[in-house]
Ligand SMILES: NC(=O)c1ccc[n+]([C@@H]2O[C@H](COP(=O)([O-])OP(=O)(O)OC[C@H]3O[C@@H](n4cnc5c(N)ncnc54)[C@H](OP(=O)(O)O)[C@@H]3O)[C@@H](O)[C@H]2O)c1
């Protein structure tokens, strides 16, 4: 049950006499059980499990989101670039219209695209995305990537030059873009603000100039790429970390197959790692559940994507067991550091020449 739903629940109403202490105890227990993390500044509770929706076509994602909501998911992660916001909006609208819950029970994240990464475009894209999602507000709005491309105004896709290189917008300015997002938040159309794929020095620059500090950072994070330094930095600044590709993105290999800079052998099989499988057997859980639990147990939010009902259930069944300190240490050891990175965005030809390209080159998968 979401916190907002809980407030209207029978138990809460019955105990009106000492509501405040009862409420505090319940919130404490929800947070302690790792089902939610509290965001800075707004104190909104963000579910530690969300549904990822990248690589899910509109036809498939509409029924998937509806199914996921029925199974208890309350947090959905999408983006302008996933081309599925409208289908997700349809699913949520139907779920609400069928009396299964209200908008306030849900936590919806979407992202400002690379082609809109400039102050003058923030409102335009947010308006369009809210319209597609059929919502008055999103719970979290992230700048998807720190670099920007010039936009084809008809298709709202990046301009690509005749040599295949992406037409980089060299004037990307994070501070002015962030301030434009703060304005939208003041207007109530964004509840919380965050970043995705930014590095430490880019985040530091925003923190030093902003009014509202970034509340969430969404980055690639899984057992082979545990991002310990970046997570420590985020914890020091009260920024919640969301792990994308928490299972190692097994579907990415097929997605990238015809892309520039692709090497299929370089894709990891974290689900097949012997230590992960051994721990899974010991707990009578699956490798995916162990990988997700490992992160949630460390207060990292996870957003695994699946369109299969069986795996949706499996991925959400991670709150009834705990990894021991020995198992946690065992999994810490399979971290490959920078070598474990899958998403370096080099499939966008020429992107590394952008002044805000965030990663060190030479170690990530090409
Ligand atoms: N901010 C960014 O730049 C960024 C980048 C990448 C991703 N993301 C977000 O993060 C989400 C998750 O990342 P991701 O989709 O790349 O990778 P992921 O969640 O690590 O892996 C998804 C893949 O694993 C399969 N899968 C799901 N559950 C499974 C299970 N229990 N056992 C075995 N296989 C399973 C899925 O196939 P089925 O669907 O067939 O189950 C799918 O192919 C995305 O969907 C997106 O919302 C953000």
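The values are calculated or read from the model by the stated rules, or taken from the named source; none is laboratory data. Note that the coordinates shown come from a computational prediction; the quantities given were computed from them, not determined experimentally. Here the Cβ is made from the backbone with ideal geometry for all residues, glycine too, and neighbour counts use every protein chain on show.
A few comments on the model shown:
- Unique residue being away from the ligand (no atom under 15 Å from the Cβ) and within 20 Å of the chain's Cα centre (by Cα) when the list is 199, 192: 192
- When the strands (runs of 3 or more DSSP E) confined to region 175-274 are screened for residues that are more than 28 Å from residue 333 (Cα to Cα), those reaching at least 1 such residues are found at 190-196.
- Filter result for residue 74 (away from the ligand (no atom under 14 Å from the Cβ), farther than 22 Å from residue 214 by Cβ and modelled with pLDDT under 95): no
- Criterion violated by residue 223 - all others in (1) surrounded by fewer than 21 Cβ atoms within 10 Å (Cβ to Cβ); (2) touching a helix residue (DSSP H, G or I) at 6+ places or on another chain (Cβ under 6 Å) satisfied: (1)
- There is at least one residue in region 344-353 that is surrounded by 15 or more Cβ atoms within 10 Å (Cβ to Cβ), within 19 Å of the chain's Cα centre (by Cα), within 15 Å of the ligand (Cβ to nearest atom) and assigned by TED's automatic domain parsing to the domain that holds residue 172.
- First in region 305-326 and closer than 20 Å to residue 275 by Cα and in the same structural domain as residue 251 (by TED's automatic domain parsing), second anywhere and more than 9 Å from the ligand (Cβ to nearest atom) and part of a loop (DSSP other than H, G, I, E, B), Cβ under 7 Å, 6 or more apart: 321/285; 322/297; 323/297
- Only a single item in (1) out of contact with any helix residue (DSSP H, G or I) (no Cβ under 8 Å at 6 or more places or on another chain); (2) part of a loop (DSSP other than H, G, I, E, B); (3) touching a residue at least 24 places away in the same chain (Cβ under 8 Å) is not met by residue 162, and it is number (3).
- Inclusion of residue 360 among residues that are surrounded by 15 or more Cβ atoms within 10 Å (Cβ to Cβ), more than 19 Å from the chain's Cα centre (by Cα), away from the ligand (no atom under 16 Å from the Cβ) and over 30 Å from residue 285 (Cα atoms) is not warranted.
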